[in-house]
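Trainee: Handing you this structure, nothing more for now.
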Amino acid sequence: MAPGIACLPQIRIFKAESFRLAALFALVFLTLTAVLIGTVLWIVAGTERETLIAANESDISTVMNGLHAEGLTEAIEVVQQRLGTPATGPAYMAIQDAGGAVLAGNLPFVACGRGVFVLTRPSPGRPRPQRLLGRCATLTAAATLYVGRDTATMYSTRERILHAFAWVALGTCAFSILGGLFLGRRFMAQVDAITQTCERVISGKLNERIPLRGRGDEWDRLARAINEMLDKISALLENLQQVSSDVAHDLRTPLTRLRHRLEAAREKATGIADYSAAISHAIDDTDQLLSMFSALLRISQIEAGTRVQSFASVAISELLERMYQLFLPVAEDCGHPLARNLQSGICIRGDEELLTQLFSNLIENALRHTPPGTHIRLSLAAVNDGIVASVSDDGPGVPPEDRDKVTRRFYRGSSSRTAQGHGLGLSLVAAIAQLHSASLVLADAKPGLCVAVAFRVLTPAAA
């Protein structure tokens with residue numbers, strides 16, 4: 001078992017994508033090198049062949065000059081002198097008569113036709129027969145000249161090139177294997193780090209994150225993306241736990257009240273009027289529960305992001321003007337002066353119904369949680385490359401330590417515990433803002449509270 005287990009890392013390295021890529025690049029390199037070597041061999045062989053043919057032609061020309069000057073005897077003498085001092089490498093020449101007898105030269109009887117020929121002859125002391133690249137020419141009707149050059153240099157050059165290619169191929173394969181193993185080991189190390197982190201997260205350690213190497217490479221980008229995903233999952237799980245706890249806590253009070261009223265009606269009711277009053281109170285408590293669940297369901301639907309597909313251009317200047325006109329009589333009845341400062345002609349891309357819900361909740365919160373006489377202002381302005389819409393008041397405001405908490409589900413500050421509601425209004429506002437990629441900021445209005453919604457994209461209104 002131990003040897004088999006020890007071999008697993010090596011097997012995994014061989015299966016790594018980086019090792020496969022290294023092997024693929026090595027194969028491509030070897031293929032291209034083979035093509036290059038083939039081209040070089042073809043060029044070198046052709047060049048050396050042309051060189052040998054040119055040398056043969058030079059020998060034939062020299063002998064023909066002697067023949068034309070003083071006849072066959074001079075041609076024979078030229079051959080003998082030429083063999084003593086070859087011009088280009090070892091030369092082989094022979095003059096044969098019509099019967100095949102060698103009149104002069106160092107070649108035995110040659111039985112071949114006209115033009116260029118290849119002559120193979122035994123060569124004592126060599127591992128292979130000698131190959132000559134020859135050329136024949138007619139001197140007279142009774143004499144033929146044969147010249148040849150040894151092709152050993154041509155074949156030795158070819159062998160040297162092939163040997164060099166073999167060493168290059170061997171070095172490339174070795175380098176590719178070592179490089180593939182090195183890259184595969186690094187690749188598997190990164191994969192193992194990611195896998196181990198994910199396994200620890202699966203086991204319940206939600207705070208585990210993949211370490212960044214600080215190189216800004218693809219591994220850091222992947223690790224950063226996974227860490228951000230884990231942060232988001234962790235936040236969602238914490239939110240789910242909080243919601244579950246808050247729902248259980250907030251359901252306890254109305255359910256307990258409902259049970260006490262029903263028990264009191266069973267024990268103390270003496271007539272139809274008492275039972276009717278108990279049923280009415282029970283229906284009110286049930287309506288509160290249904291309202292709470294409807295708000296939670298609406299927040300969940302918004303956070304799912306499915307309504308992004310139905311986004312369209314929304315004239316937010318006109319929307320806020322309508323909200324101002326709608327809430328102005330209500331604000332006057334509550335003793336809250338309502339003002340507006342809206343820049344006209346501004347449009348954004350979003351869901352008009354949800355944006356109406358957002359600003360309606362903000363205005364209702366300002367009316368509900370501030371004393372009579374508090375001034376409330378709606379504002380809209382273009383800022384840099386976005387727009388900012390805000391609802392501000394000069395009431396008591398929200399303590400700084402509570403501003404990050406008021407958008408949590410069911411959270412109710414100490415000053416609003418006696419007010420109606422379930423603590424879901426600003427949670428709904430935050431969900432709608434997040435759906436529109438907008439930032440929700442609660443700031444001190446000095447005095448009072450300013451709730452600003454900053455939209456990133458500003459689209460000019462159509463003319």
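The values are calculated or read from the model by the stated rules, or taken from the named source; none is laboratory data. Everything numeric here is computed off the predicted structure, so don't read it as measured data. No Cβ is skipped: glycine too gets one built from the backbone with ideal geometry, and neighbour counts run over all protein chains shown. Keep in mind that these areas ignore ligands, DNA and RNA; they rest on the heavy atoms of the full protein, side chains included. Shrake-Rupley method; radii C 1.70, N 1.55, O 1.52, S 1.80 Å.
Trainee: Rounded to whole Å and sorted largest first, list the principal axis extents of the Cα atoms in segment 277-429.
Mentor: 55, 41, 33
Trainee: Given +1 on the Cβ of Lys and Arg, -1 on the Cβ of Asp and Glu, and no further charges, what dipole in debye does the chain carry about its Cα centre, rounded to the nearest 20?
Mentor: So the dipole magnitude of the chain works out to roughly 1380 debye.
Trainee: Stretch Val35-Ala381 to full length: gain in nm at 0.36 nm per residue minus the Cα-Cα span?
Mentor: So the extension gain works out to 117.6 nm.
Trainee: Next question, about the same structure. For the chain, give the percent of accessible area contributed by carbon and sulfur heavy atoms, probe 1.4 Å, rounded to a whole number.
Mentor: 60
Trainee: Kindly count the pairs of lysines across the chain whose alpha carbons are less than 27 Å apart, treating pairs on different chains or eight or more residues apart as eligible.
Mentor: So the count works out to 4.
Trainee: With a point put 7 Å past each Cα toward its Cβ, work out how far Glu74 is from Val330 in nm, to one decimal.
Mentor: Each label point lies 7 Å from its Cα, and together they span 13.0 nm.
Trainee: Additional query: Keeping every protein chain present and rolling a 1.4 Å probe, give me the accessible area per residue for the chain in Å².
Mentor: 59
Trainee: Projected onto the charge dipole of the chain (+1 at Lys/Arg Cβ, -1 at Asp/Glu Cβ, origin at the Cα centre), which of Gly305, Ile210, Ala431 gives the Cα projection farthest towards the positive end?
Mentor: It is Ile210, whose Cα lies furthest towards the positive end.
Trainee: Treating the angle as unsigned and between 0 and 90°, give the value, to the nearest 10°, between the Cα long axis of helix 352-368 and the longest Cα principal axis of the chain.
Mentor: 40
Trainee: Quick check on the chain: helices-only [θ] at 222 nm, where DSSP H runs of length 4 and up contribute -39,500 (n - 2.57) each and the sum goes over total residues. Nearest 500, please.
Mentor: -20000 deg cm²/dmol, from helical runs alone.
Trainee: In addition: With a/c under 1.5 counting as rounded, go ahead and sort segment 285-342 into rounded, prolate or oblate using the C-alpha gyration tensor (a ≥ b ≥ c being the square roots of the eigenvalues; past the cut-off, prolate if a/b is larger than b/c, else oblate).
Mentor: Because a/c hits 1.5 or more and a/b fails to exceed b/c, segment 285-342 counts as oblate.
Trainee: I've got another one for you. Can you compute the charge dipole magnitude of segment 219-347 about its Cα centre, using +1 on each Lys and Arg Cβ and -1 on each Asp and Glu Cβ, nothing else charged? Give it in debye, rounded to the nearest 20.
Mentor: My answer is approximately 220 debye.
Trainee: What does the extension gain come out to for Ile161 and Ala273, with contour length at 0.36 nm per residue minus their alpha carbon separation?
Mentor: Result: 29.0 nm gained on full extension.
Trainee: Go ahead and run the numbers for FRET between Thr51 and Leu27, Cβ-Cβ distance against an R0 of 51 Å, rounding to 0.05.
Mentor: In this case the efficiency is close to 0.90.
Trainee: A follow-up question, please. Would any residue of segment 58-78 have its amide N under 20 Å from a label point 7 Å out along Cα→Cβ of Ala101? List them or say none.
Mentor: 71-78
Trainee: Need one word for the chain: rounded, prolate or oblate. Basis is the Cα gyration tensor (sqrt eigenvalues a ≥ b ≥ c); a/c below 1.5 gives rounded, then a/b vs b/c decides.
Mentor: prolate
Trainee: Which order do the peptides 187-197, 424-434 come out in when sorted by mean C-beta neighbours inside 10 angstrom, highest first?
Mentor: Top of the packing list down: 424-434, 187-197.
Trainee: On to the next question. Peptides 70-77, 388-395: what's the order by average Cβ count within 10 Å, highest mean first?
Mentor: 388-395, 70-77
Trainee: Compute the angle between helix 316-334 and the longest alpha-carbon principal axis of the chain, please, reported from 0 to 90 degrees and rounded to the nearest 10.
Mentor: 20
Trainee: Mind pulling the angle between the C-alpha long axis of helix 425-435 and the longest principal axis of the chain? Nearest 10 degrees, somewhere in 0 to 90.
Mentor: Once rounded, one gets 20 degrees.
Trainee: For segment 263-390, build the charge dipole from Cβ charges (+1 Lys, Arg; -1 Asp, Glu) around the Cα centre, then report which of Leu289, Thr374, Ile316 sits farthest towards its positive end.
Mentor: Towards the positive end, the residue furthest out is Ile316.
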